[in-house]
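For reference, the structure is listed below as structure tokens.
The values are calculated or read from the model by the stated rules, or taken from the named source; none is laboratory data. Given the structure is predicted, the values throughout are model-derived calculations rather than measurements. Positions of Cβ are generated from backbone atoms using ideal geometry, with glycine treated the same way; all protein chains shown enter the neighbour counts. Note: areas computed on protein heavy atoms with side chains; ligands, DNA, RNA excluded. Shrake-Rupley method; radii C 1.70, N 1.55, O 1.52, S 1.80 Å.
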Amino acid sequence: MNLIDDYKRKHDYLRISLTDKCNFNCVYCNPKNHFIKGLQKNYLLTFEEIERIVKLFASKLGFKKIRFTGGEPLVRKDVFKLFEKVGSLKKDYGFKLGVTTNGSLVVNKTGLLKKFGFDNLNISLDTLDKEKFYKITGKDDLEKIIGVIEEAERNGFNPVKVNVVVIKGINDNEIVDFIDYFKNRNVNVRFIEFMPFGSNDWQKNGFISYKEIKESVEKKVKLIPAINEKNAVAKDFQIAEHLGKVSFITSISEHFCSTCNRVRISADGKFRVCLFSQGESYINFKEMFRNGFSDEEIIEKLDLAIKTKWEKHPEPEELANALNNNMMAIGG
Ligand code: SAM
Ligand code: SF4
């Protein structure tokens, strides 16, 4: 059985948020640091519940990709125990496994991730300037993150994906610097459009579109379109004599809703059929598990929920006013 919505989109990629807490306060994601729900008892899915979710999606719904995210997934206590367990499930079910992290807590652990079977490692890094790094994240960790990207390359993450959220007036003057810096490295730099959420003070004048970002790159280097993976959210390019690809994630200016194959589960167990959902399809794994639902009963509910998925997400101004959204809680 597959999860197919009313627009014939088949879903086979699950992103699971492990926590809505974070050790960083990125200005575009967690500016007010008001997320404290994770401190409540029994708020989070347990590791056993997450393992059951992974098994269910991989074995009964044909899911091919699982990614952990957050908040910062690595702040979750004992998370490597979960990673090892889920890594071992890969052998039975053959999905691809990934994690998106700010990198600060994977220092000296990227080898372990590889050993557990992680295929993909995405590390967020929005500036190459030490002071600006502090201003954006509230942490003085630039060197650490640069170091962990190198460590991940050495440990076989080829490529390491580096996520850069581009914000006008903050880091848009560094776009070409990023490309130069990683020129000889097996790193895929991915420029992400700044997305609005109810709580991130998104301002239209901070937004810079894919076209503008690409134009500023093309003033310096020629971008050669690369073959994109099916269902890819990134537009990939190569540059002559550069080892890694450069990509653009155009969620706002050129949304990729028509080929969306993703569903999400928030840290507290809510099933979300779209990153920007407003609650219309919420079913909660925590509640279903704790009320003794069988896998078959859960699949029936998921099948109903996926049919509520909209054809495409609303316009950015509307999203910016939505109350029910925050990257931290949803799992970006
Ligand atoms: N803490 C981890 C990290 O920073 O990679 C994982 C969670 S974070 C929410 C996942 C991704 O979402 C990161 O690459 C981050 O830069 C991106 N992100 C967060 N807020 C965003 C926003 N408003 N617009 C675009 N991307 C955003
Ligand atoms: Fe934390 Fe990641 Fe959000 Fe930054 S982008 S505040 S590291 S969750």
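For Lys64 and Lys115, FRET efficiency with R0 = 25 Å and r from the beta-carbon atoms, rounded to 0.05?
Working: r = 22 Å, r/R0 = 0.87.
That pair, Lys115 with Lys64, gives E of 0.70.
How much net charge surrounds Lys65 when only other residues with a Cβ under 10 Å from its Cβ are counted (Lys, Arg +1; Asp, Glu -1)? Walk me through the numbers on the way to the answer.
Values: positive: Arg15, Lys64, Arg67, Lys96, Arg262; negative: Asp12, Asp119.
Charge balance near Lys65 sits at +3.
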> Roughly what angle does helix 47-60 make with the longest principal axis of the chain, taking Cα atoms, 0 to 90 degrees, to the nearest 10?
Replying inline: 90 degrees
> Once phi is turned into ³J(HN,Hα) by the Karplus curve 6.51 cos²θ - 1.76 cosθ + 1.60 with θ = phi - 60°, what whole-Hz value does each residue of the stretch 253-269 show in order, with x for glycine and proline?
Replying inline: 6, 9, 5, 10, 4, 5, 10, 5, 10, 9, 10, 10, 10, 6, 4, 9, x
> Which pairs, out of Lys183/Lys245; Lys168/Lys312; Lys64/Lys90; Lys139/Lys214, put more than 21 Å between their alpha-carbon atoms?
Replying inline: Lys168/Lys312; Lys139/Lys214
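Within the set Lys144/Lys230; Lys21/Lys135; Lys132/Lys161, which residue pairs have Cα atoms separated by over 31 Å? Write down the numbers at each step before the final one.
Details: Lys144/Lys230 34 Å; Lys21/Lys135 19 Å; Lys132/Lys161 21 Å.
As for pairs spanning more than 31 Å Cα to Cα, those are Lys144/Lys230.
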>> Net charge around Val79, counting only other residues with Cβ within less than 11 Å of its Cβ (Lys, Arg = +1; Asp, Glu = -1)?
In response: +2
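How much length is gained if the chain between Ile227 and Val107 is pulled fully straight, taking 0.36 nm per residue apart and subtracting their Cα-Cα distance, in nm to one decimal?
Numbers: separation 120, 0.36 × 120 = 43.20 nm, distance 3.22 nm.
That works out to 40.0 nm of additional length.
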>> Looking at the chain, I'd like the Rg to Rh ratio, where Rg is from alpha-carbon atoms and Rh is Kirkwood's inverse mean 1/r.
In response: 0.94
>> Once neighbouring chains are kept in place and the probe is 1.4 Å, which whole percent of the accessible area of the stretch 3-330 is contributed by carbon and sulfur?
In response: 50 percent
>> Using a 4.7 Å cut-off between beta carbons, which cysteines in the chain end up with no partner cysteine at all?
In response: Cys22, Cys257, Cys260, Cys274
>> At 0.36 nm per residue, and after removing the present C-alpha to C-alpha distance, how many nm does the segment from Glu254 to Glu311 gain when stretched out fully?
In response: 19.1 nm
> Hey, with R₀ at 22 Å, roughly what FRET efficiency would Lys168 and Glu131 work out to, going by the Cβ-Cβ distance, to 0.05?
Replying inline: 0.75
> Relative to the longest principal Cα axis of the chain, at what angle does helix 79-93 sit, 0 to 90 degrees, rounded to 10?
Replying inline: 70 degrees
>> Between Tyr181 and Lys55, what's the calculated FRET efficiency when r is the beta-carbon distance and R0 is 45 Å? Round to 0.05.
In response: 0.65
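For the chain, with every protein chain kept in place, what is the accessible area per residue (1.4 Å probe, Å²)? Don't jump to the answer; show the numbers that get you there.
Numbers: 14960 Å² over 332 residues.
Counting only protein heavy atoms, the per-residue value for the chain is 45 Å².
Let a ≥ b ≥ c be the square roots of the eigenvalues of the Cα gyration tensor of the stretch 70-210; is it rounded (a/c under 1.5), or, if not, prolate (a/b larger than b/c) or oblate? Show your work: numbers first, answer last.
Details: a/c = 1.91, a/b = 1.62, b/c = 1.18.
The shape class here is prolate.
Under the rule of -39500 (n - 2.57) per DSSP H run of 4 or more residues, summed and divided by the residues of the chain, what mean residue ellipticity at 222 nm is obtained, to the nearest 500 deg cm²/dmol?
Numbers: 11 runs with 100 residues, N = 332.
Result for the chain, helices only: -8500 deg cm²/dmol.
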